[in-house]
Amino acid sequence: PMGVLSCMKYLMFIFNVLVFAAGTCLVGVGVWVAVDPAGFQDIVAAKPVLSAGAYLLLAVGIALSLLGFLGCCGALRRSRPLLLV
């Protein structure tokens, strides 16, 4: 049973690291689109609704990064409240 719990601990940690990395990538793309929209000029300038997409990417990315970080801490410390967040 101890081997299974240890394996689950590391699997949860790896999964949360992947969630954190995905959130960080979304934040990076959101900042890129917000700061330099020239690369996305055709898409963003054509529809004003899509210009808010950069801020949506930022918000989702920050939320995923925070959840991934808390999940990593919860997996390493075996903290049930952190994992439930």
Can you work out which of the residues in the range 19-40 that are surrounded by fewer than 14 Cβ atoms within 10 Å (Cβ to Cβ) and either under 14 Å from residue 61 (Cβ atoms) or of a type outside the set (A, V, I, L, M, F, W, C) (or both) is modelled with the lowest pLDDT? 39
Give me the pairs: first residue in the range 51-67 and touching a residue at least 40 places away in the same chain (Cβ under 8 Å) and closer than 11 Å to residue 19 by Cα, second residue open to solvent by 50 Å² or more (accessible area, probe 1.4 Å) and among the polar types (S, T, N, Q), beta-carbon distance under 9 Å, and six or more apart or on different chains, which are they? 64/24; 65/24
Go through the residues of the range 1-10 one by one and say whether even a single one is of a type in the set (Gly, Ala, Ser), modelled with pLDDT of 80 or more and surrounded by fewer than 11 Cβ atoms within 10 Å (Cβ to Cβ). yes
Sort out which residues of the range 41-58 are in a helix (DSSP H, G or I), open to solvent by 50 Å² or more (accessible area, probe 1.4 Å) and either among the aliphatic types (A, V, I, L, M) or modelled with pLDDT of 85 or more (or both), and write them in order of number. 43, 45, 46, 49, 50, 55, 56, 57
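The values are calculated or read from the model by the stated rules, or taken from the named source; none is laboratory data. These numbers come from a predicted model, not from an experiment. Here Cβ is always computed from backbone atoms with ideal geometry, including for glycine, and neighbour counts include all displayed protein chains. Calculation scope for accessible area: heavy atoms of the full protein, side chains included, ligands and nucleic acids excluded. Shrake-Rupley method; radii C 1.70, N 1.55, O 1.52, S 1.80 Å.
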